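*Asks:* Sharing a structure, written as structure tokens. Questions coming.
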Amino acid sequence: MHEHHALIEGFYDAFSRRDADHMAACYHPEAHFSDPVFTDLRGEEVGRMWKMLCARGKDLKIEFSGVQADAQTGRAHWDATYTFGATGRLVHNSIDASFRFEDGKIIEHRDVFDLWRWSRMALGPSGVLLGWTPMVRNKIRHTAAKSLADYRP
């Protein structure tokens, strides 16, 4: 097993325990993270995002599989099940992650998932009807960015 394989497994093991400090320690100081909601996080923002999500995810359940890694890149699949706080609706998000490594740490992390599918679960009828529109997608992103900016661990 390559050391980066162990790094990814340790990252998701920590996530399943909501150990955001361990997760943040897996990242290079110049790390870059993106997903359909948090489109461009850098450096300490990445760890702060995980701290926020772990702190707020009281019923968060994480399962991961398909971990692969070599000296430069890695990937994994993970599923998150939780109650979305703003609506109280149950969400089961299915995510594919890709990684790039530098100095034994994650320098780039990209999560890919269907934001419209997520919005249908998290937002209910408004997500079904409007979750695919740029207006709703941008509102989701804006709300998440503001939450992160306001979050102080």
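*Asks:* Suppose the filter is in contact (Cβ under 8 Å) with a residue 60 or more places away in the chain, in a helix (DSSP H, G or I), loosely packed, with under 15 Cβ neighbours inside 10 Å and more than 12 Å from the chain's Cα centre (by Cα); does ALA6 pass it? First the steps, then the outcome.
*Replies:* Working: in contact (Cβ under 8 Å) with a residue 60 or more places away in the chain: no; in a helix (DSSP H, G or I): yes; loosely packed, with under 15 Cβ neighbours inside 10 Å: yes; more than 12 Å from the chain's Cα centre (by Cα): yes.
Spelling it out, it is not the case that ALA6 is in contact (Cβ under 8 Å) with a residue 60 or more places away in the chain, in a helix (DSSP H, G or I), loosely packed, with under 15 Cβ neighbours inside 10 Å and more than 12 Å from the chain's Cα centre (by Cα).
*Asks:* Restricted to the stretch 36-55, and to residues that are charged (D, E, K, R) and surrounded by fewer than 18 Cβ atoms within 10 Å (Cβ to Cβ), which residue is farthest from VAL112 (Cα to Cα)? If you could, list the steps in order and put the result at the bottom.
*Replies:* From the stretch 36-55, those charged (D, E, K, R) are 40, 42, 44-45, 48, 51; that's our starting set.
Filter again for surrounded by fewer than 18 Cβ atoms within 10 Å (Cβ to Cβ), leaving 40, 42, 44-45.
Values: ASP40: 13, ARG42: 17, GLU44: 21, GLU45: 19 Å.
This residue is GLU44.
*Asks:* Also, I was wondering about something else. Restricting to the stretch 74-95, what's the tally of residues that are in contact with a strand residue (DSSP E or B) (Cβ under 8 Å, 6 or more places away or on another chain) and more than 25 Å from GLU44 (Cβ to Cβ)? First the steps, then the outcome.
*Replies:* Keep residues of the stretch 74-95 that are in contact with a strand residue (DSSP E or B) (Cβ under 8 Å, 6 or more places away or on another chain), which gives 74-84, 89-95.
Narrowing the set further to residues that are more than 25 Å from GLU44 (Cβ to Cβ) leaves 77, 79, 81, 83-84, 89-92, 94.
Going through the stretch 74-95 one residue at a time, the tally reaches 10.
*Asks:* Just to be sure before I move on: is GLY43 over 20 Å from GLU9 (Cα atoms) and not acidic (Asp, Glu) in the structure I sent? Spell out the reasoning first.
*Replies:* Numbers: over 20 Å from GLU9 (Cα atoms): yes; not acidic (Asp, Glu): yes.
Yes: the conditions hold for GLY43.
*Asks:* Looking at VAL37, VAL67, VAL46, which is the one that is of a type outside the set (Ser, Thr, Tyr), assigned to a loop (DSSP other than H, G, I, E, B) and modelled with pLDDT of 95 or more?
*Replies:* Values: VAL67 fails: assigned to a loop (DSSP other than H, G, I, E, B); VAL46 fails: assigned to a loop (DSSP other than H, G, I, E, B).
The conditions single out VAL37.
*Asks:* So, of the residues in the stretch 56-68 that are in contact (Cβ under 8 Å) with a residue 40 or more places away in the chain and either of a type in the set (A, V, I, L, M) or within 12 Å of THR83 (Cα to Cα) (or both), which turns out to be surrounded by the most Cβ atoms within 10 Å (Cβ to Cβ)? Working first, answer last.
*Replies:* The initial filter retains those residues of the stretch 56-68 that are in contact (Cβ under 8 Å) with a residue 40 or more places away in the chain, namely 60-64, 67-68.
Then drop every residue that is not either of a type in the set (A, V, I, L, M) or within 12 Å of THR83 (Cα to Cα) (or both), which leaves 60-62, 67.
Numbers: LEU60: 16, LYS61: 11, ILE62: 19, VAL67: 21.
Per the stated criteria, the residue is VAL67.
*Asks:* Can I ask one more? Could you pull out the residue among ALA122, ALA69 that is touching a Phe, Trp or Tyr at 6+ places or on another chain (Cβ under 9 Å) and farther than 30 Å from PRO29 by Cβ? So that I can check it myself, show each step before the final result.
*Replies:* Working: ALA69 fails: farther than 30 Å from PRO29 by Cβ.
Only one candidate qualifies: ALA122.
The values are calculated or read from the model by the stated rules, or taken from the named source; none is laboratory data. For clarity, every value in this text was computed on a predicted model and none was experimentally measured. In this analysis, Cβ positions are derived from the backbone assuming ideal geometry, glycine residues included, and neighbour counts consider all displayed protein chains.
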